[in-house]
Each structure stands twice: as structure tokens, then as C-alpha cells.
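Take a look at the structure below.
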Amino acid sequence: MMKQLSSRLFPLLLLCLPLAGMAQMDVDSLLGSALKAEPDTNKVKTLLRIGAELTNQGRFEEAREHLADALDLSRSLEHGNGECKALISIGITHFYQGNNREALDAWELAMPIAMERKDEVQQNILRTNMANVHLSTGNYNEAQRAYFEVLKWAEATQRKSNAVDCLMNLGVLYTMQGKLDEAIRYQRRVLDEYGDVLTPFQQVNCLSNLGQLHLDARHVDDAEKAYAELLPLAEQNEQAKGVARAYGGLGNVAMARKDRPGAKEHLQRAADLYAAAGARTDQAILLETLASLYREAVENEDAAFLDRYFQGSASLALSTAHAAIDTAIGIFNDAGDLGQLRSAYRSIAEVERAQGDYKQALSHFQLYQALSDTLLNAERDRKLTETAMQYEFDKKEAATRAEQEQKDLRQRLERNGIAVGLAGALLFLGVVWRQRNRISKEKKRSEELLLNILPEEVAEELKAKGTAEAVHIDQVTVLFTDFKGFTAMSE
């Protein structure tokens with residue numbers, strides 16, 4: 001049985017803002033600095049750094065206390081940048097604790113501040129983090145839409161690190177949807193297009209993810225190439241977990257090829273490396289995988305394997321498998337990992353059945369079924385919570401859209417009002433111009449008629465005064481004439 005580790009190898013990448021100018025310090029030193037500091041923007045930076053350090057250590061409640069202080073101080077100083085950073089960091093602490101609603105609430109408060117400040121970096125960090133909440137709660141469409149929006153911005157502005165985060169998270173999204181070919185394509189893009197900006201840690205994660213995806217898709221040769229490339233890179237950069245992942249991946253490749261000795265060597269080495277690194281859950285997963293390998297060797301009567309590792313004894317192989325799963329169950333119990341514990345109960349029941357201990361096998365199988373029911377109910381509750389969260393999100397989105405539509409409508413009405421007013425003014429000017437033109441023509445015509453019947457001096461006097469003085473004419477000539485046919489023509 002090949003244990004699937006995909007969910008463990010694909011961490012969602014949350015983004016936070018870099019705290020410029022702050023050196024790496026321990027929390028006690030930072031707290032001492034904060035106590036002595038004046039209530040100004042430098043104190044805000046110190047409180048934000050304390051919150052970041054505590055978050056990195058998994059001390060989320062303590063982190064929120066100091067981030068809340070940073071938020072209050074930023075608001076009193078009207079320091080929008082600090083307020084936005086504090087809200088982003090508070091949301092991150094909630095997300096890591098699985099408090100998705102609280103995380104969204106913090107980021108939704110931060111978004112208007114970032115928009116008012118026209119800070120595109122903060123806006124897109126918030127969009128990415130909110131998309132991660134949607135992805136973790138199964139709202140794949142909303143997550144995908146946001147990732148592509150941020151990716152488009154990151155590529156347009158040459159922000160390669162943000163593009164890398166989006167591409168890797170899209171790989172997670174497609175993995176969770178079971179679209180392995182798409183997931184592989186996006187992981188490959190990260191390595192091929194942005195290899196020059198990847199940190200060694202990111203390179204190790206990418207290759208590890210790529211190897212697991214190829215295994216899940218049963219591309220065994222491609223998986224082996226990815227893990228073979230990962231191993232020297234992780235060793236060179238002294239990343240113990242990366243080395244363990246490489247050996248674990250090569251062990252799974254060997255299992256897929258029915259190479260039990262190769263699988264045993266690689267998986268055992270990976271389990272030992274995880275144990276040395278304190279990664280007990282990953283160690284337990286590999287112990288369970290090894291136990292299944294031993295049981296399958298017994299059931300398939302693999303004499304060569306049993307001779308090589310168990311002196312030919314099937315009984316010794318099964319008791320070794322039982323001890324390995326017992327250890328794994330203890331680790332899963334301590335970690336409270338019900339999903340892995342459920343799997344381990346089924347595995348130990350199968351080993352006990354092979355040993356002929358049917359009573360214990362039944363007992364562990366019943367525990368497996370009980371946990372299955374518990375997880376099924378938890379999944380049902382999770383889906384109900386997701387539905388409620390989606391309803392709230394859609395409601396807020398609808399309210400935001402309605403508000404924007406109202407704003408757009410007001411702007412359209414204002415623009416239309418201006419346009420109508422301008423058109424009316426132009427129309428009025430056109431009418432006035434036409435009227436003045438007509439009046440001008442009529443005036444010219446009347447002047448011409450006036451000059452036809454009056455002397456020019458009299459006409460000018462009439463235009464100037466409205467009346468004309470009587471003039472004595474010493475001599476005049478009167479002409480009487482008749483036009484032939486004039487009456488008929490007039491009729």
C-alpha cells in the first residue's frame with residue numbers, strides 16, 4: 001500500500017508584508033524594546049515584528065495580543081499602513097488555527113484601508129490570503145478566480161515572488177480537485193519560469209510536490225526524476241526534511257515498481273531522518289507504510305525479502321510490522337490527527353488478521369469504523385459551516401456589488417446630466433445663432449427696401465431716431481405713368 005502524502009506536501013502559501021528595517025531578534029529583546037518605545041510608528045513596527053516572531057513559533061494567542069496593540073496604536077496615530085499590516089497578521093494567526101471566519105473578518109477590514117491608500121501590494125496580498133481561506137474550505141471557484149487575478153497583476157508588475165506563490169497555490173487547488181495534470185503543469189511552470197528567483201527552500205518544496213504529484217498520477221519515471229533531482233539539492237542546502245522527502249519519495253517509487261528491498265531501504269532512511277528532525281507525524285506515516293510493506297511481503301510469500309531482512313521468518317516480519325504501527329498510533333494520538341489514526345487502525349487490523357489474532361483485528365477494525373463515522377460527521381459539519389460561510393460571503397459580495405452599482409448609477413446620472421446639460425446648451429446656442437442669422441438677414445432686407453423708397457439721408461435718420469424731419473424741396477418733378485397690362489399681371 002502506497003501511503004498518500006499529498007496533503008502534507010502542499011502547504012498553502014500565506015502572504016504577509018515584509019517589516020522593513022527590522023533585524024532578526026528574539027521575542028524577549030523585541031518586548032523590551034516595545035516597553036521602552038514612545039507611542040509612535042516605530043513602536044508599531046516593533047509590535048508587528050513581535051507578532052510575526054510569535055506566529056512563526058506557533059504562539060498564536062500571544063501573537064494576537066501584541067498585534068492588537070499594534071492595531072490600536074496605528075488607529076490612534078491614523079497610521080493606515082500599520083493598521084493594514086496588523087489586520088493582515090491577525091488574520092494569518094487565525095488561519096493557522098483553522099479559524100477561517102475570523103481570518104476573513106480581519107482581512108475584509110483591511111481591504112478598504114488598502115484600497116483607500118491605493119496600495120496594490122497590500123490589496124493583492126489580501127486577495128491571495130482570502131483565496132487560501134476559500135480553497136481550504138472547498139470554495140474552489142472563488143479561490144481560482146482570486147489566484148488568477150493576483151497572478152495577472154504579479155506578471156504585469158514583474159513581482160515574481162507573488163507570481164510564484166500564486167502558481168504554487170494553484171497547484172494545491174488542482175491537486176485538491178483531483179486535476180493532477182493541471183497541478184503538475186503549474187508546479188512545472190514555477191520551476192521553469194521562476195527558477196532564478198526561487199529560494200532553495202522553495203525549490204525543495206516544488207520538486208517534492210512535483211514528485212508526489214507524478215506518483216499520484218502514476219507517472220513513476222517522472223516521479224523518480226523529480227526525487228533524484230531533489231535529493232542532492234536538499235543535501236547541499238542542509239534541509240533535513242527535504243532529504244527525508246526525497247528518500248520517502250524514492251521509497252514509494254520502488255514500491256510502485258514492486259521493488260520491496262529498494263522500498264525498505266529508502267523508507268526506513270526517510271523515517272529515521274524525520275525522527276531526527278522531530279517531524280514525528282511524518283515519521284509515523286512512513287512507519288505505517290513500512291508495516292504495510294512487511295505484511296504484503298508475507299502475504300505474497302516474498303522469500304527473498306523475508307530472508308534478507310527477517311531471517312526468513314514471516315512471524316518476525318509481522319511482529320515488526322505490528323510494533324511499527326503501534327508506534328505510529330501513539331504518535332497520531334498525541335498529535336490528535338484523527339485522519340491518520342483512522343488509517344493506522346485499519347492497517348494494524350490487517351496485520352493482526354495476518355497474524356491470526358482475529359479478536360484484536362476486530363477490535364481495531366471497530367475503532368477504524370468509529371473514527372470513520374466521526375470524520376464523516378465532522379466532514380458534514382464542515383460542509384455546513386462552509387455553506388454558511390459561503391452564504392455570508394455571497395451576501396457581502398452582493399452588498400458590495402449593489403453599493404458599487406449604486407455608485408456607478410450615480411456617476412452615470414451625473415455624467416448623463418452633464419451631457420444633457422451640454423447638449424441643451426449647444427441646442428440653445430444653435431437656436432440663438434439661427435435666430436440671430438435670420439434677424440440679420442431680415443434687417444438687411446428691410447434696409448435695402450428702405451433705401452429703394454427713401455433717400456439715403458432720410459433712411460439713416462429714420463434708423464437713428466425713428467423719425468425724420470420734414471425737408472423743403474424747392475423743385476420737384478412728378479412722373480405719372482401707366483404700365484400696360486399691369487392690372488392683369490397683378491391679379
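On the full set of protein chains, 1.4 Å probe, figure out the accessible area of Tyr174 and give it in Å² to the nearest 10.
10
Report the accessible area of Asp119, computed with a 1.4 Å probe over the heavy atoms of all protein chains in place, in Å² rounded to the nearest 10.
40
Give a quick list of trypsin sites (Lys or Arg not before Pro) in the stretch 230-267 that DSSP marks as loop, anything other than H, G, I, E or B, with at most 16 other Cβ atoms within 10 Å.
Numbers: sites: Lys241, Arg245, Arg257, Lys258, Lys264; in loops: Arg257, Lys258.
Listed in order of number, the matching sites are Arg257, Lys258.
With θ set to phi - 60°, apply the Karplus curve 6.51 cos²θ - 1.76 cosθ + 1.60 along the stretch 233-241 and write out the HN-Hα couplings as whole Hz, x wherever there is a Gly or Pro.
Result, ordered by residue: 5, 5, 5, 5, 9, 6, 9, 4, 5 Hz.
How big is the Rg/Rh ratio for the stretch 276-336, C-alpha atoms only, Rh by Kirkwood, two decimals?
Details: Rg = 12.8 Å, Rh = 12.0 Å.
Answer for the stretch 276-336: 1.06.
In the stretch 178-225, carbon and sulfur make up what percent of the accessible area (probe 1.4 Å)?
Numbers: 1050 of 2220 Å².
The nonpolar share, carbon plus sulfur, comes to 47 percent.
Suppose R0 equals 56 Å; then what is the FRET efficiency for Glu102 and Ser315 from their Cβ-Cβ distance, rounded to the nearest 0.05? Working shown, then result.
On the way: r = 53 Å, r/R0 = 0.95.
Calculated value: 0.60.
FRET efficiency for Tyr358 and Asn333, Cβ-Cβ distance as r, R0 = 30 Å, nearest 0.05? Intermediate results must be reported in sequence, preceding the final value.
Details: r = 24 Å, r/R0 = 0.80.
Step by step, r from the Cβ atoms, then E = 0.80.
Can you sort Arg353, Arg189 by solvent-accessible area, 1.4 Å probe, largest first?
Working: Arg353 110, Arg189 50 Å².
Sorted by accessible area, descending: Arg353, Arg189.
Rounded to the nearest 10 Å², what accessible area does Asp357 have for a 1.4 Å probe in the complete protein model?
Roll a 1.4 Å probe over it and Asp357 shows about 60 Å².
Need the full-extension length gain, Asn141 to Arg75, defined as separation in residues times 0.36 nm minus the C-alpha distance. One decimal, nm. Could you put the intermediate results ahead of the total?
On the way: separation 66, 0.36 × 66 = 23.76 nm, distance 3.48 nm.
Contour length minus Cα-Cα distance gives 20.3 nm.
If you count only protein heavy atoms with a 1.4 Å probe, what accessible area per residue comes out for the stretch 37-141, rounded to a whole Å²? Display every interim value, and only then the final one.
Values: 4440 Å² over 105 residues.
Counting only protein heavy atoms, the per-residue value for the stretch 37-141 is 42 Å².
Restricting everything to alpha-carbon atoms, can you work out Rg to Rh for the stretch 56-109 with a Kirkwood hydrodynamic radius?
Numbers: Rg = 10.7 Å, Rh = 11.0 Å.
The Rg/Rh ratio comes out at 0.98.
Filter Lys45/Lys118; Lys118/Lys179; Lys179/Lys225 down to the pairs with a C-alpha to C-alpha distance above 31 Å, please. Walk me through the numbers before you get to the answer.
Numbers: Lys45/Lys118 21 Å; Lys118/Lys179 36 Å; Lys179/Lys225 21 Å.
Table pairs above 31 Å Cα-Cα are Lys118/Lys179.
If the only charges are +1 at each Lys and Arg Cβ and -1 at each Asp and Glu Cβ, what is the size of the charge dipole of the stretch 33-187 around the Cα centre, to the nearest 20 debye? Each step should come with its number before you reach the end.
On the way: 18 positive and 22 negative charges, 82 e Å.
With Lys and Arg at +1 and Asp and Glu at -1, about 400 debye.
Can you work out the accessible area per residue across the stretch 246-369, with the rest of the protein chains kept in place, probe 1.4 Å, in square angstrom?
Details: 5470 Å² over 124 residues.
Accessible surface, normalised per residue, equals 44 Å².
Show me the trypsin sites (Lys or Arg not before Pro) within the stretch 111-183 that DSSP assigns to loop and that have at most 15 other Cβ atoms within 10 Å of their Cβ.
Loop-located and lightly packed - Arg117, Lys118, Lys179.
Give a residue-ordered list of calculated ³J(HN,Hα) values for the stretch 313-320 (Karplus: 6.51 cos²θ - 1.76 cosθ + 1.60, θ = phi - 60°; whole Hz; x for Gly, Pro).
9, 5, 4, 5, 4, 6, 5, 5
In the stretch 64-105, carbon and sulfur make up what percent of the accessible area (probe 1.4 Å)? Mind dumping the intermediate values first?
Details: 690 of 1700 Å².
Here it works out to 41 percent.
Tell me which of Gln177, Thr199, Asn209 sits at the most positive position along the dipole axis of the stretch 168-210, charges placed on C-beta atoms (Lys, Arg +1; Asp, Glu -1).
The one lying farthest along the dipole's positive direction is Gln177.
In whole angstrom, how far apart do the alpha carbon centroids of the stretch 233-292 and the stretch 97-166 sit?
34
The values are calculated or read from the model by the stated rules, or taken from the named source; none is laboratory data. Everything numeric in this text was worked out from a predicted model, so none of it was measured. Cβ: placed from backbone, ideal geometry, glycine included. Neighbour counts: every protein chain shown. Remember, those area values only see protein heavy atoms, side chains included, never the ligands or the DNA or RNA. Shrake-Rupley method; radii C 1.70, N 1.55, O 1.52, S 1.80 Å.
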